[in-house]
């Protein structure tokens with residue numbers, strides 16, 4: 001346990017940020033999973049709507065430095081490609 005006041009504050013702040021970052025990462029994973037489920041069910045309308053929501057969550061995570069920009073771009077690209085393939089098949 002820290003004894004210095006500033007170290008105690010940093011500990012509290014870093015724990016708070018850790019919880020927020022974990023929640024945001026989890027939200028991104030959930031959004032991606034929902035898109036993948038819609039694709040698996042071959043539901044194009046839902047997949048397109050969920051893709052837009054997932055892109056937003058990924059972009060926000062990138063903006064908050066929770067996710068590297070290249071990782072975010074790769075995830076968005078792969079999801080969009082799968083939804084596009086579903087659209088072309090329908």
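No value in this document is a laboratory result; all are computed from the given coordinates. As the structure is a computational prediction, the values presented were derived from the model and not from experiment. Every residue, glycine among them, receives a Cβ derived from its backbone with ideal geometry; neighbour counts consider all protein chains shown.
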Checklist line | Residue among 75, 64, 25 with the largest mean-square fluctuation in a Gaussian network model of the chain, springs linking Cα atoms under 10 Å | finding: 64
Notebook entry, point to check: If you work out Rg and Dmax of the Cα atoms in Å from the coordinates, which of (i) 17.7, 64; (ii) 17.6, 59; (iii) 12.5, 37 do you get?
Noted result: (i)
Next item on the list: Quick one: go through the stretch 39-53 and flag any residue whose amide nitrogen is under 12 Å from the point 7 Å out along the Cα-to-Cβ line of residue 30.
Entry: none
Next item on the list: Measure off 7 Å from each Cα along the Cα-to-Cβ vector at residue 44 and residue 18, then give the distance between these two points in nanometres to one decimal.
Entry: 4.7
